[in-house]
Amino acid sequence: MSVTLTDEQRDFGELAREVLAKVGPARDLLQERDGVARRGRWAQLAEVGLVSATVPEAHGGLGLGARDMALVAEEVGYFALPEPLVETACVAVPLLARHAPAGVADAWLPRIAEGRAVVTVQPPGASASATFGQEADLVIVIEDGGVALCPKASGRTVSARESADVLRRPARVEPASETIRFGDAQVAAEVTASATAWTAVVLNGISRRLLDMSVEYARIREQFGRPIGSFQAVKHMLADVATQIETVRASAWYAVGIDDQDLEARIFAASVAKWSATTAAAAANLNALQVHGGIGFTRENPLSLWLVRGKKLEALWGTANFHARILGEQLMQADDLVEAFGPTLAEQAA
Amino acid sequence: MSVTLTDEQRDFGELAREVLAKVGPARDLLQERDGVARRGRWAQLAEVGLVSATVPEAHGGLGLGARDMALVAEEVGYFALPEPLVETACVAVPLLARHAPAGVADAWLPRIAEGRAVVTVQPPGASASATFGQEADLVIVIEDGGVALCPKASGRTVSARESADVLRRPARVEPASETIRFGDAQVAAEVTASATAWTAVVLNGISRRLLDMSVEYARIREQFGRPIGSFQAVKHMLADVATQIETVRASAWYAVGIDDQDLEARIFAASVAKWSATTAAAAANLNALQVHGGIGFTRENPLSLWLVRGKKLEALWGTANFHARILGEQLMQADDLVEAFGPTLAEQAA
Amino acid sequence: MRTATDTAAVDAWRREVRQWLMDEAPTSLPTPEELGTSDQHRAWERKLHAAGYSAIHWPVDHGGRDASQEVRMVFQEEYERAGAPARINIQGIMLAGPVILRYGTPEQKQRWLEPLLRADHIWCQGFSEPDSGSDLASLRTKGRVEGNTIVVSGQKIWTSVASFADWIFALVRTDPESSRNKGISWVMIDMTSPGVEVRPIHQIDGRSDFAEVFFNDVAVPRANVVGELGQGWEIAMAALGMERGVGRRSYVQYLGNLAQAKQFATAAGLDDDPATHESLGALLGGAIVYRHFANRVASSGKNGEPGPTAAYNKLYWSEYQTRLFETGMGLLGERLEQPADDVDPQISSWEREYWYSRAARIFAGSNEIQRNIIAERVLGLPR
Amino acid sequence: MRTATDTAAVDAWRREVRQWLMDEAPTSLPTPEELGTSDQHRAWERKLHAAGYSAIHWPVDHGGRDASQEVRMVFQEEYERAGAPARINIQGIMLAGPVILRYGTPEQKQRWLEPLLRADHIWCQGFSEPDSGSDLASLRTKGRVEGNTIVVSGQKIWTSVASFADWIFALVRTDPESSRNKGISWVMIDMTSPGVEVRPIHQIDGRSDFAEVFFNDVAVPRANVVGELGQGWEIAMAALGMERGVGRRSYVQYLGNLAQAKQFATAAGLDDDPATHESLGALLGGAIVYRHFANRVASSGKNGEPGPTAAYNKLYWSEYQTRLFETGMGLLGERLEQPADDVDPQISSWEREYWYSRAARIFAGSNEIQRNIIAERVLGLPR
């Protein structure tokens, strides 16, 4: 099972890169933080097809597979987009298309494709919250026995969360009792695994940005009459970070690219992806600030955007330890590790 | 509670240093490994008072406290002495003097003081073994409900252990059923804590040696036309090791210097000492070989003696994780951490 | 390994300090920034001074007690145990004061020491500059000597308590021809002087503990130079050694942090979880290690000079704190995003402390600089 | 992210290889050192060659299959899955052969390739010297050119399979005036030549995987130089990139190691221990990460040249292996000292592998060198 990206996927990632570089929040951080959010941003994303990408053609979208969004989702992290583009296009759309009652899918998918519906997802559990939980047109709340759909006008209860990452505007959503629900525990597990894996992809994008900013700074910042990047301590720090990031990226791509496989395999792959992305992100975070020194500790410096966002995504959808434990339990339960986790032949993989 | 060493303690450590530098096993490693052990070594140690140090004066010793042996025990690690000097003088003698029936103490302590008895200690548990278990005149086997004394002629069953550290000659000893036993579970816990803490002291000596050898090699080994010690990667590696070693040494000195405190405090201090010494030793071991490169991987190079000894002592008397867990359980059980582990006033400490 | 006499004296001291703090120390006093004024903190400093606890390591005839490192360590442990307020004049007591005591003229001592102890003068530090962080010797803040006046211009950064400090001690290049560590002087500057401007730095953790301090042709009397012109580097190195030594913090505060971490673990249902036991146990071990290390250093009397001990100390506690707070962040997980209308201040504070622990790996000589010092000056590895 | 066609072809290949190995591969064959002879291993290599599996990445007209990286990766995974013997001629297949194919004359190809594949010639590598480890370019083994003969003298070290190898490819300084990476040639030397002496190195782990090879005025025909005189460095750099790439090992062997670690945990009563779950889970995660990383590299076709991917790969697997075996050492604890009359070979083997994993952080370009390569050549940080 290879994890090469196709040329089309690369092109789509490049498109996202161009757009996000233009409309991302790093351009005017203070304005963003003062709440003058870029209200037109979602429309700009929609205009170039990033929002409608995964919506089936029958519902007005481009009909791409979720896996075609892998590089796009990394760029979402790379440019620290706060809006729930990945939640909408990569998690919610496949869920609605696959599991929602026809009427529900028919109602929401075209709106999403037209850029008229921002959708977000709330993880299971009593302390979870959703990005843009207040503003989203639709909040998909994962519950033990399925998912609850909470549109804006559904009487959902929203309580804002305080976050160091203010741009993401997390809020907890309690569904109204009469809200539409569908799916079962399997569907809840599936969408949780999906969101977990996609969060890993976004986190890898954040890590890449932390590394790139650190490399750039290390090249220009001089101390003792030479660029700090010429010191071996800085070199090795960043080389280790680069190694971690480049080795884990493929695991996240893999995890979002196997929606044809059984649920157990998807949950396992999601845990590998989130565990490894979180581990790499922690190293990238630690060393990015260390290379930047004090200046990286200021809110004025754009680095802070990625430092804080990264730390948040490390904690959301399961910490590294949480996922390591899941993997360890799987290991303990397997009779034969090579059979369970090793290479399989096609009919076995079915 | 301070952990300064007195001048007398320093002098005694210096004495040990001189003797062990002369008689230690590093001088002719191959001969040592071929089993031509230096049979006269114990006598040489005894001659200068290292064996009799802690034996009460009434029994022909110097009557020093075990704590006076802290630097000596570090030197035992530093010079990789394989014989159970620390087991004899620091663990067994205080145990016999404090807890053994009078007849037993009267029989063994003078013999130890005269250098005629090598004593070793076997940890509790089914897979434990004792250093010099075959050769020792007396093996003290720790059992659940106390200790068993196994002299050479007592019908003890000895089964040799295969060890990468051949010089230490570990063997498992099963006491004969009619052998002398004394003490209770408390005594078993006390001697276990004592041996654990002393092992930490020895391990710190091993780590110091690994560091010193690495520093020395880094100063003389040249690559790319300069000493490898001038590369920042090597510098930082060794600086981190030095920091770990120098910060943990006092915890081991403390743990072996509080035999006036209650058992619980001694067990706690022993776990801190062994956890921290093991953590530092693992770092010292990893980086010592890395600095030496391939040459450190050969049996001909004396470094191997400390690499292998260190790795063994990391595993004996509880791994780092084992002791971290004990500390964590203590933390969870304490109602108030500052009261439980913080500074106490004199009457509280009683 | 201690003598019985020492212990009795130290124990009596601990008992005295503990009792006094229990009776007198305000607990959970908000910060000057939160209060909008430093008045309560100044009052507390005055009370400490009146009781002889303000600067116990200072000489007896200058308001101190000539306290040994060991005695100071006990005071610090008890101070943290009592949860007493963070010392707002720490830069004065630890750096400005000792520098004045060692290098100052009788007039300078007369002028600055008593107001410092009475907290009439809060002091802040002007060392780092935007382009001179780890490489302090490249500093560019200029002092033009014009007769009896030095005209200072330039910028300092990472100055704490600047928003309410009365005085700043600054490293200033008074010899325009000089480079590196030559030609730098130690200059005391009244913060109310015309041309001094303080701009708070907005930190990643939401606080503003630090500020930028700008000097726009600030006229400073020549008499405000401590030591000789050009002696600033030597003085600064001695001062930095004092800052990095043990005695500024003790393991007791880490026990307090661990008590919080334990609560977070309990809230997450991890009381009986062995993995949590291992990770918190390692942190408890790390705190106790710091206890014994600090006591060893304090009682061996080798503290207070720049050198190995100071570098070990800085490296140890700053790396330890990052591990500690990072572990807590993991235990909190998504609960870090708290209900805006029901914020647990412990959690908010933990997150801020986490970020601050990250900064601590950089300030007071980055940990990379500490490793260089250890490698070159202690281990003797070639430069 | 894969095309359906690829998968079908790859799947068919995997199926074929799996079946053949199941039918043919000896399992748990002792090492040549243990057997005292390399005969069985040579026989197995011949069998692989006869079936066309010996050097699948070689060109079809030289006994290979022109296999892509992806196809090689599948073969390696299946090979490890089958527990087939370690490849004794890996230095020949991975380094000597590809170098001959790329730089050799038709005569050289004729002379060496077929015997290599038939395992009539086992090859070993002569690069490192006692004073030239990380700094390979400082090598001093000399080759005096005398007409059609090159007289080689000097010493190589860390040569594996030297005790039974038939040929060694060595880097030799043939221009006595040269320094650094100039004037070095790639010379093939018959191990039976007069003046070649092999001394096994006794390793810390009790094995002797490596040897020193001494050349005492060994006369080598000029025709044994591959490429031009002085082209040796260029050839070596290309060869080392091949050595460091993916495809020499797969995650499957790590699954095997983890199965052992799981047994150790079970023997220690830690089946249900969450801390053990976390540590083994992280190692399982690390193995799967290596799977996807290697597949990404293999299928992107960027392998086989020195550069970022090779350095990432070396750094990743060697650090991973040390973590893996160190974790197992912790699980084994005092059980590492086993009853001499009842030794569990799994435990002994684990301890040896642990030490070997430590060596792996040093050989094939130390991990510090890899970090330099990544920092300078990939990230573009200044030298």
**Request:** Scan (1) over 19 Å from B:ALA324 (Cα atoms); (2) crowded, with 24+ Cβ neighbours inside 10 Å; (3) of a type in the set (Val, Ile, Thr) for the single condition C:ILE347 breaks and write down its number.
**Result:** (2)
**Message:** Looking at D:GLU70, D:GLU77 in this structure, which one is at pLDDT 95 or above, closer than 30 Å to A:LEU71 by Cα, buried (at least 16 other Cβ atoms within 10 Å of the Cβ) and within 14 Å of chain A (Cβ to nearest Cβ)?
**Reply:** D:GLU77
**Asked** Among A:SER194, A:SER230, A:SER163, A:SER159, which is the only one that is free of Cβ contacts under 8 Å to residues at least 24 places away in the same chain and away from chain D (no Cβ under 14 Å)?
**Response** A:SER159
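Quick one: in the range A:171-191, of everything that is in a strand (DSSP E or B) and surrounded by 21 or more Cβ atoms within 10 Å (Cβ to Cβ), which residue is nearest to the other protein chains (Cβ to nearest Cβ)?
The selected residue is A:ARG172.
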**Prompt:** Can C:ALA82 be described as buried (at least 16 other Cβ atoms within 10 Å of the Cβ) and under 24 Å from C:SER299 (Cα atoms)?
**Reply:** yes
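I need the full set of residues from the range C:305-359 which are of a type in the set (A, V, I, L, M, F, W, C) and closer than 30 Å to B:LEU238 by Cα, in order please.
C:ALA310, C:ALA311, C:LEU315, C:TRP317, C:LEU324, C:PHE325, C:MET329, C:TRP355, C:ALA359
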**Asked** In this structure, does A:VAL121 turn out to be under 19 Å from C:GLU334 (Cβ atoms) and either touching a helix residue (DSSP H, G or I) at 6+ places or on another chain (Cβ under 7 Å) or touching a residue at least 40 places away in the same chain (Cβ under 8 Å) (or both)?
**Response** yes
**Item:** C:ARG173 vs. criteria buried (at least 21 other Cβ atoms within 10 Å of the Cβ), in contact with a strand residue (DSSP E or B) (Cβ under 7 Å, 6 or more places away or on another chain) and not aromatic (Phe, Trp, Tyr)
**Value:** yes
**Item:** Condition met for D:VAL17 (within 14 Å of chain A (Cβ to nearest Cβ) and of a type in the set (Val, Ile, Thr))
**Value:** yes
**Message:** Among the numbered criteria (1) surrounded by fewer than 24 Cβ atoms within 10 Å (Cβ to Cβ); (2) under 20 Å from A:ALA277 (Cα atoms); (3) at pLDDT below 95, which one does D:TYR320 miss?
**Reply:** (3)
**Complete:** In the range C:26-58, residues that are surrounded by fewer than 18 Cβ atoms within 10 Å (Cβ to Cβ) and of a type in the set (A, V, I, L, M, F, W, C) total 5
**Item:** Inter-residue pairs, beta-carbon under 9 Å, first within 11 Å of C:ILE88 (Cα to Cα) and modelled with pLDDT of 95 or more and in the range C:109-123, second assigned to a helix (DSSP H, G or I) and charged (D, E, K, R), 6+ apart
**Value:** C:ALA119/C:ARG42; C:ALA119/C:GLU45; C:ALA119/C:ARG46; C:ILE122/C:ARG42; C:ILE122/C:GLU45
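So which residues in the range D:112-126 are within 17 Å of D:ALA364 (Cα to Cα) and in contact with a helix residue (DSSP H, G or I) (Cβ under 7 Å, 6 or more places away or on another chain)?
Across the range D:112-126, the qualifying residues are D:TRP123, D:CYS124, D:GLN125.
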**Message:** With the structure loaded, tell me whether D:THR105 is under 20 Å from D:SER160 (Cα atoms) and of a type in the set (Ser, Thr, Tyr) or whether it fails that test.
**Reply:** no
**Request:** Give the range B:10-40 a look and list any residue that's at pLDDT below 85 and either within 14 Å of chain C (Cβ to nearest Cβ) or not in a loop (DSSP other than H, G, I, E, B) (or both), or say none.
**Result:** B:ALA26, B:ARG27, B:ASP28, B:LEU29, B:LEU30, B:GLN31, B:GLU32, B:ARG33
**Message:** Taking the condition of being within 22 Å of B:LEU81 (Cα to Cα) and in contact with a strand residue (DSSP E or B) (Cβ under 7 Å, 6 or more places away or on another chain), how many residues in the range B:96-142 meet it?
**Reply:** 20
**Complete:** When D:PRO382 is run through (1) free of Cβ contacts under 8 Å to residues at least 12 places away in the same chain; (2) part of a helix (DSSP H, G or I); (3) not polar (S, T, N, Q), the failure sits at (2)
**Asked** Has the range C:108-116 got any residue that is outside any helix (DSSP H, G or I) and of a type outside the set (A, V, I, L, M, F, W, C)?
**Response** no
**Asked** Which residues, counting only those in the range D:246-266, are under 18 Å from A:ASP336 (Cβ atoms) and either among the aliphatic types (A, V, I, L, M) or at pLDDT below 95 (or both)?
**Response** D:VAL252, D:LEU255, D:LEU258, D:ALA259, D:ALA261, D:ALA265
**Request:** Filter the range C:184-210 down to residues that are within 14 Å of chain A (Cβ to nearest Cβ) and in contact (Cβ under 8 Å) with a residue 60 or more places away in the chain, then give me how many there are.
**Result:** 7
**Prompt:** C:LYS142: at pLDDT 95 or above, surrounded by fewer than 16 Cβ atoms within 10 Å (Cβ to Cβ) and more than 30 Å from B:GLU339 (Cβ to Cβ), yes or no?
**Reply:** no
**Item:** Selection from the range C:197-223 of residues that are more than 23 Å from the chain's Cα centre (by Cα) and either assigned to a strand (DSSP E or B) or closer than 18 Å to C:GLN125 by Cβ (or both)
**Value:** C:PHE215, C:ASN216, C:ASP217, C:VAL218, C:ALA219, C:VAL220, C:PRO221
**Message:** Name the single residue that is nearest to the other protein chains (Cβ to nearest Cβ) among those in the range C:85-97 being part of a helix (DSSP H, G or I) and buried (at least 21 other Cβ atoms within 10 Å of the Cβ).
**Reply:** C:GLN91
**Request:** Output the residues belonging to the range C:247-292 that are surrounded by fewer than 23 Cβ atoms within 10 Å (Cβ to Cβ), among the charged types (D, E, K, R) and more than 7 Å from chain B (Cβ to nearest Cβ).
**Result:** C:ARG248, C:ARG249, C:ASP272, C:ASP273
**Message:** For the list (1) at pLDDT below 95; (2) away from chain D (no Cβ under 14 Å); (3) in a loop (DSSP other than H, G, I, E, B), I need the number of the one condition that A:ILE258 fails.
**Reply:** (2)
**Prompt:** Only one of (1) out of contact with any Cys (no Cβ under 9 Å at 6 or more places or on another chain); (2) modelled with pLDDT of 95 or more; (3) surrounded by fewer than 24 Cβ atoms within 10 Å (Cβ to Cβ) is not met by B:SER154, so which one is it?
**Reply:** (2)
**Item:** First in the range C:142-155 and touching a residue at least 40 places away in the same chain (Cβ under 8 Å) and within 18 Å of C:LEU171 (Cβ to Cβ), second anywhere and polar (S, T, N, Q) and in a loop (DSSP other than H, G, I, E, B), Cβ under 8 Å, 6 or more apart
**Value:** C:GLY143/C:THR174; C:VAL145/C:THR174; C:ILE150/C:THR174; C:VAL152/C:THR141; C:SER153/C:THR141; C:GLY154/C:THR141; C:GLN155/C:THR141
**Request:** Mind counting the residues in the range A:298-350 that are closer than 28 Å to D:VAL74 by Cβ, among the charged types (D, E, K, R) and modelled with pLDDT of 95 or more?
**Result:** 3
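The values are calculated or read from the model by the stated rules, or taken from the named source; none is laboratory data. The shown structure was predicted, so the numbers you read here are calculated from the model rather than taken from an experiment. Backbone-built Cβ (ideal geometry, glycine too); neighbour counts: all protein chains shown.
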